[in-house]
Amino acid sequence: MYFSTKGRFSSIAAALICMASVAQAQFQFKDTYPTIRSIPAIKPEWRDLIANASITNAPIRTRTPDGNVDMSTVTDDPYCTWSFDRCIAKDDLYTCPTGQYAVTFDDGPSEFSPKLYDYLKSINVKTTFFMVGGQVLTHPDLVKRAYDDGHEIAMHTWSHTAMTTQSNEEIVAELKWNEQVIREVLGVSPRFFRPPFGNIDNRVRDIAKALGFIPVMWTHDTFDWGLTAPGSTFDVQWISNNITEWGRTNTTEGGISLSHDLYNSTVNAALNYIPVFQNYYDLTAAGQCNNVAPYKESNSTNSSKDGVSPSGDESAAAALMATPSWVFLLFTMILSRFL
């Protein structure tokens, strides 16, 4: 049996890409990270980062048994607390210009995220993913995949705890561990973070600013999390109907929506309602529509953002360049047997 040289190379290239994927999935973290979904301890050197910061003296709130913030006794809010009255501060990012919209996703990445990545790539849409530290630790390959696809990678804290219920040091630890795990995977440091449950006040903002981070909120909630409750009767069509209503103001407003890519049901829902958004808006990422760089490294770029997909040979070459040395050696041994 005979094979053409082109056919042999294509087969070998495919095998190489597969091996590269396996190697990437075996990403070895250099640091030791906190337990997933636990409130992390601060590194001693991080205390100095807020030592001279001017931090609002807002009260530390209490958590209800379900993890939300107890605002039942709050009658007035001088601290611009989103959980009280959806207060937006001047440095918060929360919308996009007229006619533009960022359909953003929280809580991932998860094993269901690649289906969403594939779909967004097929329609050439880039957005912003707010990733939980523990999920990054579990799925570093998916973080890299989303970044390489041109999406903005942002933070959603380490443990997904309501931030106004935490001490100053706990807030620092939540953000810095989240930043560190993403930086170890990507080599860049996110500037954007979204507080879990939207729970933020001026104390949290002041700490985040001292650390170099920018809050990103939203104008519309898809409430897709309603799909995840046991025995849920939540109708996904309700989301599409709401988007149609939001779209009626597309000539005077833009927006940012809140969705989730942690569950199969919420990802499947997104595949259905994103086309409805496209009927009314140009879809984009939160940082891009606000002309704010998503990473602290001012010279960091993401070549995928131009929307140009590499050819098959270029993809194979890119995989080769990104492949660990042991995979490269194995590839050359295989190649020598066929050429």
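The values are calculated or read from the model by the stated rules, or taken from the named source; none is laboratory data. Owing to the predicted nature of the structure, the values given are computational and were not obtained by experimental measurement. So basically every Cβ, Gly included, is an ideal-geometry build from the backbone, and we count neighbours across all protein chains shown.
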- [ ] Inspect all residues belonging to the range 212-235 and state whether any of them is hydroxyl-bearing (Ser, Thr, Tyr) and within 20 Å of Asn57 (Cβ to Cβ).
- [x] no
Open item on the list: Six or more apart or on different chains, Cβ atoms under 6 Å: show the pairs whose first residue is in the range 42-63 and closer than 12 Å to Ile207 by Cβ and part of a loop (DSSP other than H, G, I, E, B) and whose second is of a type in the set (Phe, Trp, Tyr) and modelled with pLDDT of 95 or more.
Closed with: Ala58/Tyr79
Task: Number of positions in the range 176-192 that are within 23 Å of Val103 (Cα to Cα) and of a type outside the set (Lys, Arg) - done: 8
TODO: Collect the residues in the range 221-235 that are closer than 12 Å to Tyr273 by Cβ and crowded, with 18+ Cβ neighbours inside 10 Å, keeping them in residue-number order.
DONE: Thr222, Asp224, Leu227
Open item on the list: Any residue that is surrounded by 18 or more Cβ atoms within 10 Å (Cβ to Cβ) and either among the polar types (S, T, N, Q) or at pLDDT below 95 (or both) - is there at least one of those in the range 205-219?
Closed with: yes
Open item on the list: Given the condition in contact (Cβ under 8 Å) with a residue 12 or more places away in the chain and either of a type in the set (D, E, K, R) or over 30 Å from Thr251 (Cβ atoms) (or both), answer yes or no: does some residue in the range 89-99 qualify?
Closed with: yes
Open item on the list: Filter the range 238-281 down to the residues that are among the polar types (S, T, N, Q), surrounded by 14 or more Cβ atoms within 10 Å (Cβ to Cβ), in a helix (DSSP H, G or I) and touching a Ser or Thr at 6+ places or on another chain (Cβ under 9 Å) and list them by number.
Closed with: Asn242, Asn264, Ser265, Thr266
Task: Check on Ile36, in contact with an Asp or Glu (Cβ under 9 Å, 6 or more places away or on another chain) and modelled with pLDDT of 95 or more - done: no
Open item on the list: Return the residues of the range 261-275 that are under 17 Å from the mean Cα position of the chain (by Cα) and either without any contact (Cβ under 8 Å) to a residue 40 or more places away in the chain or more than 21 Å from Ile153 (Cβ to Cβ) (or both); say none if nothing qualifies.
Closed with: Asn264
